[in-house]
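Note sheet for the following structure.
The values are calculated or read from the model by the stated rules, or taken from the named source; none is laboratory data. Bear in mind the structure is a predicted one, so any value in this text is a computation, not a measurement. Don't worry about glycine lacking a Cβ; one is built from the backbone with ideal geometry, like all the others, and counts go over all protein chains shown.
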Amino acid sequence: VGAIEKEEENKRKVNIEEYEGVWVFAEQREGNLMNVSIELLGEGRKIADKLNTELTAILLGNNVKNLADRLIKYGADKVIYAESPQLDVYTTDGYTRVICDLINERKPEIMLIGATNIGRDLGPRISARIHTGLTADCTRLDVDLENRRLMQTRPAFGGNLMATIICPNHRPQMSTVRPGVMEKAKYNETREGVVEVINPDLKEEDITAKVIDYVKEKRSQVKLEDASIIVSGGRGLGNPEGFKLLKELADKLGGVVGASRATVDAGWIDQSHQVGQTGKTVRPNLYIACGISGAIQHLAGMQESKCIVAINKDKDAPIFKIADYGIVGDVYEILPELIKGLENI
Ligand code: FAD
């Protein structure tokens, strides 16, 4: 076993100085760029600037060259666009093979992938194939400039700890990053860059999984990620009826209703409303937390909100530590007052 381990370890040894550049996997579905890819271009741009290196977007697909120009305008210096009918829809084999070939040939220092369903499938497959590490589901990225190391932070131990992970001896340093946590790159109409089109030699028989059909997910009624105002409810509401009051306030403010996991688990509201580590990550202009204690797993999904208002009857509730405005009181006294106040505006 020792000899096998040693051989495996040797396989993984690389001259890290040969590796240069930051790559972002530009995920597209049916010709639409995923928001997380635009967020990663914003983050990748910052990292590339700090490391004084190039930012490259890796785009795979068929007949989606028009997206390459948008990737440049969102901050990429270069786009490598791999075009093939076999890449029209995502398959693990096809995408893994093309990206691994590119990595082996061009040796990027860092590779960032959105932690979408596709990214969570693709990232580990690539990292295993090229013998490097992968930090999954990061919520923050930074660089240690002296050692050119990516500092990859993610929740660990059920979200009770934020762990910062490094990949000291292997390259590229790979992360999947949670959608919604990074700010989107700004679109700059005047930006220019290089688009390189490659046509990978992929045959139908190279792809073992055949996609027969796509069944579209039933759209959730709420679009929490895009809402600028969220009125969120927790166990402190006491019963599902409490959400009616929240909806009334949300409607008055032009916002939507969010929820803590405790209320979703209790069956008071649909999971599509859940905010937090295992729910949606949101960054609205205004987040009103009603009867929510402020567990770390809830904060993970909303602490980037611009203004946080917390209503809780316990003055020591952890939510008050991150709230911009705190109201100590019973939601059933405060909320009707707020709604009444808005009627008079
Ligand atoms: P509680 O913690 O019970 O808080 C209720 C609060 O309401 C208390 O602070 C109380 O003082 C206050 N209150 C009571 N009555 C009133 C009243 N009448 N008026 C005003 N205030 C009142 N949680 C999430 O939210 N999202 C997640 O995505 C998530 N993911 C998780 C993932 C893992 C792996 C784990 C282990 C946990 C996760 N959790 C998540 C659960 C999380 O740890 C908490 O249990 C949950 O957030 C608590 O919900 P809550 O604040 O509604 O309830």
Check: Taking the stretch 291-319 as the region of interest, how many residues are within 7 Å of the ligand (Cβ to nearest atom), part of a strand (DSSP E or B) and not aliphatic (A, V, I, L, M)?
Finding: 1
Next item on the list: Under 6 Å between Cβ atoms, at least 6 apart or on separate chains: pull out the pairs that start in the stretch 81-104 with a residue that is of a type in the set (Phe, Trp, Tyr) and outside any strand (DSSP E or B) and end on any residue that is surrounded by fewer than 21 Cβ atoms within 10 Å (Cβ to Cβ) and modelled with pLDDT of 95 or more.
Entry: 90/118
Next item on the list: Identify all residues within the stretch 116-134 that are out of contact with any Gly (no Cβ under 8 Å at 6 or more places or on another chain) and either within 26 Å of residue 281 (Cβ to Cβ) or among the aromatic types (Phe, Trp, Tyr) (or both); write none if there are none.
Entry: 116, 117, 118, 119, 120, 121, 122, 123, 124, 125, 126, 133
Check: Any residue in the stretch 261-270 that is in contact (Cβ under 8 Å) with a residue 24 or more places away in the chain and more than 13 Å from the ligand (Cβ to nearest atom)?
Finding: yes
Notebook entry, point to check: Mind checking whether some residue in the stretch 244-260 is among the basic types (Lys, Arg), surrounded by fewer than 20 Cβ atoms within 10 Å (Cβ to Cβ) and closer than 25 Å to residue 181 by Cβ?
Noted result: no
Notebook entry, point to check: Residue check, residue 249 against (1) more than 12 Å from the ligand (Cβ to nearest atom); (2) out of contact with any strand residue (DSSP E or B) (no Cβ under 7 Å at 6 or more places or on another chain), all met but one. Which one?
Noted result: (2)
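Taking the conditions exactly as written (polar (S, T, N, Q) and surrounded by fewer than 18 Cβ atoms within 10 Å (Cβ to Cβ)), does residue 312 satisfy them or not?
Values: polar (S, T, N, Q): yes; surrounded by fewer than 18 Cβ atoms within 10 Å (Cβ to Cβ): no.
For residue 312, the condition - polar (S, T, N, Q) and surrounded by fewer than 18 Cβ atoms within 10 Å (Cβ to Cβ) - is not met.
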Check: Is it fair to say residue 104 is exposed (fewer than 14 other Cβ atoms within 10 Å of the Cβ), at pLDDT 95 or above and either over 23 Å from residue 69 (Cβ atoms) or among the aliphatic types (A, V, I, L, M) (or both)?
Finding: yes
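So how many residues does the stretch 272-285 have that are more than 10 Å from the ligand (Cβ to nearest atom) and either assigned to a helix (DSSP H, G or I) or in contact with an Asp or Glu (Cβ under 8 Å, 6 or more places away or on another chain) (or both)? Quick ask: steps written out before the conclusion?
Our first condition is that a residue be more than 10 Å from the ligand (Cβ to nearest atom); within the stretch 272-285, this holds for 272-273, 282-285.
Filter once more, keeping what is either assigned to a helix (DSSP H, G or I) or in contact with an Asp or Glu (Cβ under 8 Å, 6 or more places away or on another chain) (or both): 272-273, 282-283.
Count: 4.
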Next item on the list: Working only within the stretch 191-245, note down all residues that are within 16 Å of the ligand (Cβ to nearest atom), over 26 Å from the mean Cα position of the chain (by Cα) and assigned to a loop (DSSP other than H, G, I, E, B).
Entry: 238, 239, 240, 241
Next item on the list: All but one of (1) aromatic (Phe, Trp, Tyr); (2) without any contact (Cβ under 8 Å) to a residue 40 or more places away in the chain; (3) more than 30 Å from residue 138 (Cβ to Cβ) hold for residue 320, so report the exception by its number.
Entry: (3)
Notebook entry, point to check: What single numbered condition from (1) loosely packed, with under 14 Cβ neighbours inside 10 Å; (2) at pLDDT below 95; (3) in contact with a Gly (Cβ under 9 Å, 6 or more places away or on another chain) fails to hold for residue 280?
Noted result: (1)
Margin query: Can you tell me which residue is surrounded by the fewest Cβ atoms within 10 Å (Cβ to Cβ) among those in the stretch 190-210 that are modelled with pLDDT of 95 or more and over 23 Å from residue 103 (Cα atoms)?
Written below: 190
